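Taking it in order: structure first as structure tokens, then the write-up.
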Amino acid sequence: MSPLLRRFLILLASIFAIVTFNFFLFHVIPGDPLRLIARSQHLTPEAVAHLRQVYGLDGSLLEQYVVYLNNLLHGDLGYSFSLQENVSDIVGRALVNTLLLLTCSTIIVVVVGIAIGVFAGSRHGKKSDSTTVVTSLVFWSLPTFWVGMLLVFIFGVWIGGLPISGITTPNAVYPNVFGVASDVARHLILPTLTLALVDIAFFIIITRTSLVEVMGEDYMLTARGKGLPRRRLVWGHGVRNALLPVVTASVLYISALVAGAIQVEVVFSWPGMGLLTYNSVLSRDYPVLEACFLVISVAVLVANFCADVVYRRLDPRVTVTS
Amino acid sequence: MTLDPAALEGEAVLPPTSSKGSLRLLWEDRMGRVGLILLVVTTIAAVLGPMVFPFDPAAVGADSSTILQPPSAGHWLGTDELGRDVFAQFLAGARISLFVGLMATLISTVIGAGIGIASGYFMGPLDVGLMAVTDFFLVVPALPLMIALGAIFGQNLLIIILVIGLLSWPRTARIVRSQTLSLRNRQFVQRARSLGSTNIRILRRNITPHVGQLIVANTILVVAGCILAEATLAFIGLGDPDRISWGSSLHFAFVSGAIGRGAWWYFLPAGLGILVVVLGFTLVGHAFERIDNPRLRGGS
């Protein structure tokens with residue numbers, strides 16, 4: 001079996017595990033799931049029977065599980081009482097907004113983070129290196145939501161000028177599609193900046209540590225002994241090897257990114273998966289909360305799979321030894 | 001003390017540094033020293049603060065004129081949206097945040113180290129099974145799972161500690177496993193085995209002491225993560241409503257619109273508190289990593 005196929009089967013198994021875990025989390029553990037769905041203790045027996053049938057909760061646990069899997073395969077994530085809409089429609093819209101936010105911040109984080117990490121790592125032991133490390137650790141120690149609150153305070157109350165809430169200006173009339181785009185872009189600035197400020201630190205530290213380790217390898221000594229110019233030494237020999245652990249570490253970054261996005265969306269009312277999760281917690285809308293957890297988890301599993309595939313392409317040793 | 005067989009072999013097995021020696025190395029590391037000072041100061045504030053300044057963090061103001069007041073002689077850090085003293089809440093919150101962080105870390109370390117050592121030492125099917133579970137929890141996004149569990153099981157300190165602790169161990173397990181794997185094939189362990197040492201004895205005498213230092217460095221970084229996780233959960237609104245932590249204080253500041261009203265005294269202290277504690281643990285943790293891995297030390 002090829003390693004790639006093996007990795008793909010692991011992905012499928014993980015998704016299946018998450019789906020099953022999700023089922024048990026919301027259908028079995030907290031007692032009667034109907035109580036959670038209807039959020040009312042005072043239902044007539046007829047209403048209870050009807051809801052049980054609608055939600056596929058009238059059979060044995062195994063039957064319920066089959067109904068659940070069947071609904072999932074048909075893209076049916078249930079119905080939200082608090083929003084009066086199909087959960088899959090709500091989640092679909094939110095997912096697009098979240099992906100927009102994550103794409104923008106990830107591009108900034110990866111490019112700037114690696115650049116600063118290489119800057120610090122190639123000056124190992126110097127003042128500029130230790131300053132960069134300490135600054136990164138300070139930013140990495142900041143709670144993302146608090147950074148967001150500070151930016152809201154600075155740009156919403158103190159200086160002003162940038163939108164601090166939502167994805168578009170309420171009741172705005174746009175002349176054309178570019179008007180919409182520029183409005184969305186303006187609303188993107190602060191959420192993206194918040195995510196980037198905290199997460200860039202992660203890439204700086206990983207890149208820098210990895211480069212410092214690589215620079216200590218014997219082949220780097222050889223390269224230096226050959227009299228290679230510093231630029232080629234650092235970028236051609238050092239960074240190329242140092243980036244492999246950075247790709248591996250992106251597994252941890254994906255989790256941190258998701259956690260950061262949830263907080264940022266709450267602070268800036270960005271209508272994505274994070275805000276949806278937050279609102280469903282506040283209104284105890286369990287079908288929505290369940291769907292949010294499922295969709296976010298599966299998305300992260302798939303993202304990890306992609307990172308792994310890239311890593312295998314970059315480093316042939318992985319394929320040979322495993 | 002018996003002779004360490006590894007020393008006779010000339011193997012590169014460093015004897016575990018004593019805790020006193022580690023503290024000295026930590027103090028010599030500049031970042032480690034700053035981190036240590038930050039932690040000592042916060043711990044003193046959290047433990048002694050509420051005794052030295054016996055203000056009641058829950059005492060509500062008499063009338064609407066006490067609401068969201070800026071710092072004054074009566075209230076050093078002003079008041080919140082119910083007229084409560086922010087400074088008293090800050091001190092009380094330090095206790096809760098530290099307590100939750102440390103307890104969750106304890107749970108996480110016991111599970112992570114246990115799984116890591118068992119997996120790395122016994123190998124075989126046990127290893128495959130445990131690592132499958134570990135890898136699963138390593139990739140499942142922790143915060144959404146914590147939010148789901150917190151929303152289902154309710155909001156009290158015990159639940160929060162359990163939720164954070166039970167989801168923070170996979171990295172520890174991975175790191176401890178790889179270290180155990182490399183130790184078990186060293187000659188001093190194989191010798192102990194051929195001399196008839198039982199598994200329990202080898203784990204106790206040969207494996208655990210050498211893995212211990214690694215666990216300490218990792219644990220300190222886990223504390224930072226657990227404190228951040230608690231703050232985030234509490235900010236989302238899943239904190240214990242009866243015990244205000246720094247995170248829940250920021251939740252109330254956010255929900256009550258303190259930012260829009262410019263009440264900086266309300267949302268700055270708790271956030272700075274989290275920053276200082278998390279930074280303290282991070283600096284000390286990284287300093288321990290440098291002590292374990294000399295190649296990362298500066299000035300080479």
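With 0.36 nm allotted per residue and the present C-alpha distance subtracted, the A:Arg186-A:Asp58 stretch has 41.1 nm of extension available.
Residue by residue along B:129-141, Cβ atoms of other protein chains within 10 Å of the local Cβ number 5 on average. Computed over the alpha-carbon atoms, the range B:140-291 gives an Rg to Rh ratio of 1.15, Rh here being the Kirkwood radius from the mean inverse distance. For the range A:105-119, putting each phi into the Karplus relation 6.51 cos²θ - 1.76 cosθ + 1.60 with θ = phi - 60° gives couplings of 6, 5, 4, 4, 4, 5, 5, 5, x, 5, 4, 5, x, 5, 4 Hz, in residue order, rounded to whole numbers and with x for Gly and Pro. Taken along the Cα-to-beta-carbon direction at a fixed 7 Å, the label points for B:Leu23 and A:Asn70 span 6.6 nm.
Close amide H partners of A:Glu85, meaning residues 5 or more places away or on another chain with modelled amide H under 5 Å apart, are A:Ser80. Along the charge dipole of chain A, Cβ charges K/R +1 and D/E -1, which of A:Asn86, A:Leu233, A:Ala291 sits furthest on the positive end? Checked the options; the winner is A:Leu233. Each 20 Å bin from 0 upward holds the following percent of the Cα-Cα pairs of the protein assembly as shown: 17, 50, 29, 4, 0.
In the protein assembly as shown, the calculated helix contribution to ellipticity at 222 nm averages -23500 deg cm²/dmol per residue, counting -39,500 (n - 2.57) for every DSSP H run with n ≥ 4. Any idea what log10 I(q)/I(0) is at q = 0.14, 0.29, 0.30 Å⁻¹ for the range B:239-289, Debye with uniform C-alpha scatterers and no solvent? Each listed q maps to, in turn, -0.45, -1.03, -1.06. Enclosing the Cα atoms of chain A in their convex hull gives a volume equal to 193 cubic angstrom per residue. Annotation: extensible slack from A:Thr135 through A:Val309 equals 59.4 nm (criterion: 0.36 nm per residue apart, minus Cα-Cα distance). Neighbour counts of other Cβ atoms within 10 Å put A:Val111, A:Val19 in the fewest-to-most order A:Val111, A:Val19. Neighbouring Cβ atoms from other chains, within 10 Å of the Cβ of residues in B:144-157, number 5 on average. A simple spin-label model places the labels of B:Asn156 and A:Arg6 4.8 nm from each other, with each point 7 Å out along Cα-to-Cβ. In terms of its Cα atoms, the range A:101-175 spans 55, 27, 19 Å along the principal axes, sorted from long to short. Mean per-residue shielding of peptide A:132-144 is 5, counting Cβ atoms of other chains within 10 Å of each Cβ. Electrostatic tally near B:Gly93: other residues with Cβ closer than 11 Å to its Cβ, Lys and Arg +1, Asp and Glu -1, net +1. Within chain B, helices built from complete DSSP H runs that reach 24 Å or longer along their own axis (Cα positions) and carry a mean Kyte-Doolittle hydropathy of 0.5 or higher are B:30-52, B:86-122, B:208-233, B:264-292. Find how many whole Å separate the alpha carbon centroid of the range B:111-184 from the alpha carbon centroid of the range B:53-95. Measuring centre to centre over Cα atoms gives 40 Å. Between A:Val48 and B:Arg204, the simple spin-label model (points 7 angstrom out along Cα→Cβ) gives 5.6 nm. Amide H contacts of B:Glu81 (H built 1.01 Å from N, in plane; Pro and chain starts excluded): B:Leu68 sit under 5 Å, all sequence-distant by 5 or more or on other chains.
Under conditions of 10 °C and 1.306 mPa s, chain B yields 74 µm² s⁻¹ as its translational diffusion coefficient, taking Rh as the Kirkwood radius over Cα pairs in the Stokes-Einstein equation. In terms of other Cβ atoms within 10 Å, A:Cys306, A:Cys104 run from fewest to most in the order A:Cys306, A:Cys104.
Values in this text are rule-based calculations from the coordinates and carry no lab data. As the structure is a computational prediction, the values presented were derived from the model and not from experiment. As a convention, Cβ positions derive from the backbone with ideal geometry for all residues, glycine included, and neighbour counts pool all protein chains shown.
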